[in-house]
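The values are calculated or read from the model by the stated rules, or taken from the named source; none is laboratory data. None of the values given here were measured: they were computed from a predicted structure. Cβ coordinates were reconstructed from backbone atoms using ideal geometry, including for glycine residues, and neighbour counts include every protein chain displayed.
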Amino acid sequence: MINVFLLLGSNLGNRNLYLQKAIARIRQDVGEIQQTSPVYETQSWGKTDLPDYLNQVILLQTSLPAQEVLNRILAIEIELGRKREEKWGSRTIDIDILFYGNEVINDTNLTVPHPELHNRRFTLEPLGIIAPNFVHPVLNKTILDLKNNLNDNLVVNRI
């Protein structure tokens with residue numbers, strides 16, 4: 001079994017319900033959820049004029065290969081109404097693979113660890129709650145170290 005960290009985000013509709021539905025579908029189709037972070041309300045990143053997000057990190061265990069995890073979470077996004085109309089646009093649900101064990105993956109449609117996670121407070125705050133001592137396999141720093149040395153000043157509030 002592989003430990004996989006996923007980031008969930010929603011800034012359209014009933015944001016909390018979309019997070020809950022995504023977690024239920026991930027549990028059913030991807031793997032056994034081991035831990036969930038608290039939910040955080042965060043300012044939009046990238047396009048700052050969009051509605052605020054709810055974000056949450058989950059840790060799951062799966063026997064699926066990374067590409068199959070990606071395929072299944074993309075299907076869950078579509079099922080929950082995700083439309084990819086513009087980069088960093090609003091969405092009912094977004095599910096990103098942050099880490100797939102300690103693997104480093106650079107495929108055309110999948111990069112793991114997530115290439116921006118170390119720059120984003122909305123990712124590191126919830127990740128730091130459930131995995132503060134996890135070591136980023138490329139940067140060789142703990143999540144806590146990354147969070148403590150972050151330059152991202154967007155507002156991220158635990159709810």
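Return a yes/no flag: does region 31-49 have any residue that is in contact with a Ser or Thr (Cβ under 6 Å, 6 or more places away or on another chain) and modelled with pLDDT of 95 or more.
Step one: filter region 31-49 for residues in contact with a Ser or Thr (Cβ under 6 Å, 6 or more places away or on another chain), giving 31.
If we keep only those that are modelled with pLDDT of 95 or more as well, we get 31.
Yes, some residue in region 31-49 is in contact with a Ser or Thr (Cβ under 6 Å, 6 or more places away or on another chain) and modelled with pLDDT of 95 or more.
Within the group Leu80, Leu50, which residue is touching a residue at least 24 places away in the same chain (Cβ under 8 Å), surrounded by 18 or more Cβ atoms within 10 Å (Cβ to Cβ) and aliphatic (A, V, I, L, M)?
Working: Leu50 fails: surrounded by 18 or more Cβ atoms within 10 Å (Cβ to Cβ).
Within the list Leu80, Leu50, the selection yields Leu80.
Confirm whether Glu77 is within 22 Å of Arg25 (Cα to Cα) and not aromatic (Phe, Trp, Tyr).
Details: within 22 Å of Arg25 (Cα to Cα): yes; not aromatic (Phe, Trp, Tyr): yes.
So Glu77 passes the test.
Within region 114-133, restricting attention to residues that are within 15 Å of the chain's Cα centre (by Cα) and without any contact (Cβ under 8 Å) to a residue 40 or more places away in the chain, which residue is surrounded by the most Cβ atoms within 10 Å (Cβ to Cβ)? Write out each step before concluding.
Step one: list which residues in region 114-133 are within 15 Å of the chain's Cα centre (by Cα), which gives 114-131.
If we keep only those that are without any contact (Cβ under 8 Å) to a residue 40 or more places away in the chain as well, we get 115-116, 118-119, 124, 128.
Numbers: Pro115: 10, Glu116: 13, His118: 20, Asn119: 14, Leu124: 24, Gly128: 22.
This residue is Leu124.
Which residue is modelled with the lowest pLDDT, if the candidates are limited to region 58-88 and must be over 16 Å from the mean Cα position of the chain (by Cα) and of a type in the set (Gly, Ala, Ser)?
Per the stated criteria, the residue is Gly81.
Of everything in region 136-155, what is under 16 Å from His114 (Cα atoms), outside any loop (DSSP other than H, G, I, E, B) and either more than 18 Å from the chain's Cα centre (by Cα) or of a type outside the set (S, T, N, Q) (or both)? Give them in sequence order.
Once the filter is applied, which keeps residues that are under 16 Å from His114 (Cα atoms), outside any loop (DSSP other than H, G, I, E, B) and either more than 18 Å from the chain's Cα centre (by Cα) or of a type outside the set (S, T, N, Q) (or both), region 136-155 yields Ile143, Leu146, Lys147.
Let me confirm something: among Ile97, Ile105, Ile2, which residue is under 14 Å from the mean Cα position of the chain (by Cα) and either of a type outside the set (S, T, N, Q) or within 23 Å of Val138 (Cα to Cα) (or both)?
Details: Ile105 fails: under 14 Å from the mean Cα position of the chain (by Cα); Ile2 fails: under 14 Å from the mean Cα position of the chain (by Cα).
It is Ile97.
Taking the residues in region 1-32 that are in contact (Cβ under 8 Å) with a residue 60 or more places away in the chain and small (Gly, Ala, Ser) as candidates, determine which candidate is surrounded by the fewest Cβ atoms within 10 Å (Cβ to Cβ). Please lay out each step first, then the result.
First, the residues of region 1-32 that are in contact (Cβ under 8 Å) with a residue 60 or more places away in the chain: 1-13, 18-19, 21-22, 26.
Restricting the remaining residues to those that are small (Gly, Ala, Ser) gives 9-10, 13, 22.
On the way: Gly9: 24, Ser10: 28, Gly13: 14, Ala22: 26.
Among those residues, the one meeting the criterion is Gly13.
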